[in-house]
Amino acid sequence: MWRKSLRYVVFLTLCAAFALVLLDRGISWWFADSIYENPQDLPETPIGLVLGTSKYVSTGVLNNFYTHRIEGAAALYHLGKVKRLLVSGDNALISYNEPRNMRRDLIKAGVPPQAIVLDFAGFRTLDSVVRAKKVFDAEKFIIITQRFHCERALLIAHHYDINAVCYAVPMPDDYIKTRVREVFARLAAVSDLYLLRSQPRFLGPKEPIPEGDVVIPPPKETAPVTETAPTTETTPPAALPSDNSHNVGNNIDHSADSKPSTEPVPVAEPAQSQSQAVAPSASSGVTPVTPTPEQGKAQTKPEVDAKSETHKDNTTGKEKH
């Protein structure tokens, strides 16, 4: 009995596997003509839809799926195949923001910010594709992602009557696990479209993407800076205090005089030598006076005192004036 049950289990498993493979291959074959690997062959379309993914894998290494999508989107813009890029991704966590990461890297790749539109509610491929039409009013666009992802995205676009083609960017070398998971993702997509009739998690009001060329404002002109020479204020030198000791007549105090004195200042006569004082000329009419020894000592005494004071000052290292 159990052998018969085992046969049924094996048979049903094989049928399910065959159905999965048939579904997977059928979707790939159905949309093969809408996928382009050479960007030159793509028709010019106003909008390019970049499907988001994480920038880094769980080990912290840069995700090659992400890198190829950014490079492909920038290439289409620079070739003139698209005029604007709608980047759609997950923004469920504060620390995880796919659209902002894509915008930042697209700007680094030379895409102007005015040509990038952000969709923060692209939680799934279905959300990104359907919101492009119902929210951003895009009836025709180019989907930018890997080939296996293109096929599922085109399946959703076809179901919602969206005129879309896909640019298949290169695949990383380690895509086997992702490709196996894609088989079950396609089964889930068929279930959402034809059985559950699922809708995007968020829709909201329409935000139509502007048509026409992107207008890039010119860079702001800054006024040239003119260098001015520093102004130095010259102040007149302060008047030096007058030193009355260097003036003629320094023994006269003028501080109490309201007017300058008109009286002539007596001029000291030059000192006469001792010989002239002792022996004046006969025509002067003055009786010569011979100094006594006591008077001679009195005259020479101040000189001795001056010498002694000068000696005392030199011992202290000071010069007395």
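The values are calculated or read from the model by the stated rules, or taken from the named source; none is laboratory data. Please read all numbers here as calculations on a predicted model, not as lab measurements. When we count neighbours, we look across all protein chains shown, and the Cβ atoms used for this are built from the backbone with ideal geometry, even at glycine.
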Q. Looking at residue 177, is it part of a helix (DSSP H, G or I), without any contact (Cβ under 8 Å) to a residue 60 or more places away in the chain and farther than 28 Å from residue 41 by Cβ?
A. yes
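Listed here are the residues, each with its yes/no results for (1) of a type in the set (A, V, I, L, M); (2) outside any helix (DSSP H, G or I); (3) surrounded by fewer than 20 Cβ atoms within 10 Å (Cβ to Cβ).
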position	(1), (2), (3)
137	no, yes, yes
141	no, yes, no
145	no, yes, no
149	no, no, no
158	no, no, yes
161	no, yes, yes
167	no, yes, no
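Considering 198, 191, which residue is small (Gly, Ala, Ser), assigned to a loop (DSSP other than H, G, I, E, B) and within 27 Å of residue 22 (Cβ to Cβ)? Write out each step before concluding.
Numbers: 191 fails: assigned to a loop (DSSP other than H, G, I, E, B).
Only one candidate qualifies: 198.
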Q: Please state which of the following conditions residue 48 fails to meet, knowing it meets all the rest: (1) of a type outside the set (A, V, I, L, M); (2) in a strand (DSSP E or B); (3) at positive phi.
A: (3)
Q: Output the residues belonging to the range 11-29 that are of a type outside the set (A, V, I, L, M) and within 15 Å of residue 155 (Cα to Cα).
A: 24, 25, 26, 28, 29
Q. Just one of the numbered conditions (1) in contact (Cβ under 8 Å) with a residue 24 or more places away in the chain; (2) under 46 Å from the mean Cα position of the chain (by Cα) is not true of residue 21; which one?
A. (2)
Q: For the range 61-72, state whether one or more residues are within 14 Å of residue 169 (Cα to Cα), among the small types (Gly, Ala, Ser) and not in a helix (DSSP H, G or I).
A: no
Q: Report, ordered by the first and then the second residue, all pairs with beta carbons closer than 7 Å, sequence separation of six or more or different chains, a first member in the range 140-154 that is in contact (Cβ under 8 Å) with a residue 12 or more places away in the chain, and a second member that is in a strand (DSSP E or B) and surrounded by fewer than 23 Cβ atoms within 10 Å (Cβ to Cβ).
A: 140/163; 141/47; 142/165; 146/168; 147/35; 147/168; 150/35; 150/168
Q. Which condition breaks for residue 93 when tested against (1) at pLDDT below 95; (2) surrounded by 18 or more Cβ atoms within 10 Å (Cβ to Cβ)?
A. (2)
Q) Which condition number does residue 133 fail, the rest of (1) touching a residue at least 40 places away in the same chain (Cβ under 8 Å); (2) charged (D, E, K, R); (3) over 18 Å from residue 168 (Cα atoms); (4) not in a loop (DSSP other than H, G, I, E, B) being met? A) (1)
